[in-house]
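Here the structure comes first, spelled out in structure tokens, and everything after it is commentary.
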Amino acid sequence: MLDSNFHLDAKSISRLSSSGLCFDAMKRQVNEDINLSIELWHAQGLKLTKHQGYFFFDTKFIPMDKAEFCIVDIETNGSKYDKHQIIEIAAIKVKNGVIIDRFESLVKCSEINEHITLITGITAEDTQNSPTMKEVLYKFKSFLGSAIFVAHDIKFDYRFISAMMMKIGLEPLLNRGLCSLALAERTVVSYRYALSYLNDYLHLNPHATHHRAMSDVMTTYGLFKLALENITENINNIEDLIRFSKEAKRLKRPKFDPMREFLEEVSE
């Protein structure tokens, strides 16, 4: 995600999230004016701040109750960035556990194959009166702002949206990201961590329609809240949370699927 679209190497990115990066270290890797680069990165959703002479991600100083998380899900007509496109996108803004804003749209698409329609229920005809990719992504970019981008198995959604943004002439995303799947693996004991399985097992979204964008967003929202409630470590800011989601020990999975045992009991 950030590493592939950012001007700085992985070590420098790590320092921005922890101990800070000095001006000279940043200057060696950024060919442009530092202040101009910081402004451009801000326009792409990434804020840097200077503290005691060092640069940091501003999320290093944002406490959990002040942070804005943007939970995102997309449906696409295929998995290849160069061949396919987003057909539906949904997102909610969450602050201190409460939804403060929503975004949802189909995207005009000329071709959706039967397999995708079978999964999502979306046909090409359904999208014909919808706004274009350019219109939708400009509005989504404004909605997202510099919020923390949250998605279940984040790499696909983040990279696909970034690729589509570049396709319409925008710069790629640089928002700090948080994977709800990785967070769940460290806070919720489950046999599997697919979103549909977690919803069946944990009853996160009683009105779920899997593979529809807003429905999956709401399921992820339920999972996100549960995961935060289950964290026992001291999380002081957003970078602590991101680090926890990547580095904390994964919980041990059950040897047998409790959902299978439940279904067998029901069928008897």
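Worth pointing out:
- Nearest-0.05 FRET efficiency for ARG102 and SER19, computed from C-beta distance (R0 45 Å): 0.75
- For region 9-167, a Kirkwood radius taken over Cα pairs fed into Stokes-Einstein (20 °C, viscosity 1.002 mPa s) yields D = 122 µm²/s.
- Distance between modelled label sites at LEU40 and SER142, nm, 7 Å Cα→Cβ extension: 2.4 nm
- Modelled spin labels at SER110 and MET259, positioned 7 Å past Cα toward Cβ, are 3.9 nm from each other.
- Relative contact order of the chain, pairs being alpha-carbon contacts under 8 Å that are 6 or more residues apart, as %: 20 percent
- Residues with amide H under 5 Å from that of LEU48, placed H, sequence gap 5 or more: ASP58
- Once C-alpha pairs closer than 8 Å and six or more residues apart are averaged by separation and normalised to the residue number of region 1-110, the relative contact order reads 17 percent.
- Karplus (6.51, -1.76, 1.60) ³J(HN,Hα), θ = phi - 60°, over region 56-70, in Hz, Gly and Pro reported as x: 9, 5, 5, 5, 5, 10, 9, x, 4, 6, 9, 7, 9, 9, 10
- Amide H contacts under 5 Å for ASN77: GLN85, ILE87, restricted to partners 5 or more places along the chain or on a different chain, H placed in the peptide plane at 1.01 Å from N.
- Dipole of the chain, positive end: most advanced residue of PRO63, PRO206, MET259 [Cβ charges, Cα centre]: PRO63
- Amide hydrogen neighbours beyond the local backbone of ASP101, cut-off 5 Å, H modeled: LYS93
- This ranking places VAL189, VAL98, VAL30 by how few other beta-carbon atoms lie within 10 Å of each, fewest first, which gives VAL98, VAL189, VAL30.
- Taken over the alpha carbons of the chain as equal point scatterers, the Debye sum produces base-10 log I(q)/I(0) values at 0.07, 0.11, 0.12 Å⁻¹ of -0.27, -0.67, -0.79.
- Which of ASP58, ASP24 has the fewest Cβ neighbours within 10 Å, and the rest in rising order: ASP24, ASP58
- Rounded to the nearest Hz, the phi-derived 3J(HN,Hα) couplings of region 116-133 under the Karplus curve 6.51 cos²θ - 1.76 cosθ + 1.60 (θ = phi - 60°) are 5, 4, 4, 6, 9, x, 9, 9, 4, 4, 4, 9, 5, 9, 8, x, 6, 4, where x marks glycine and proline.
- Working note: Karplus 6.51/-1.76/1.60 with θ = phi - 60° gives region 183-196 the couplings 5, 5, 4, 9, 9, 10, 6, 8, 6, 9, 10, 4, 4, 5 Hz, where Gly and Pro are set to x.
- Dipole of region 2-61, positive direction: furthest Cα of LEU36, GLY20, LEU8, with charges on the beta-carbon: GLY20
- Of the residues ASP216, ASP33, the one with the fewest other Cβ atoms within 10 Å heads the list, and the complete ranking is ASP33, ASP216.
- Simple point charges give the picture: +1 on the Cβ of Lys and Arg, -1 on the Cβ of Asp and Glu, and for the chain a dipole about the Cα centre of about 920 debye.
- Distance between modelled label sites at HIS210 and LYS134, nm, 7 Å Cα→Cβ extension: 3.8 nm
The numbers here are math on the coordinates, done by the rules we state, and not lab data. Predicted model, so just to flag it, every value in this text is computed and none were measured. Every residue, glycine as well, gets a Cβ built from its backbone with ideal geometry; the counts of neighbours run over all protein chains shown.
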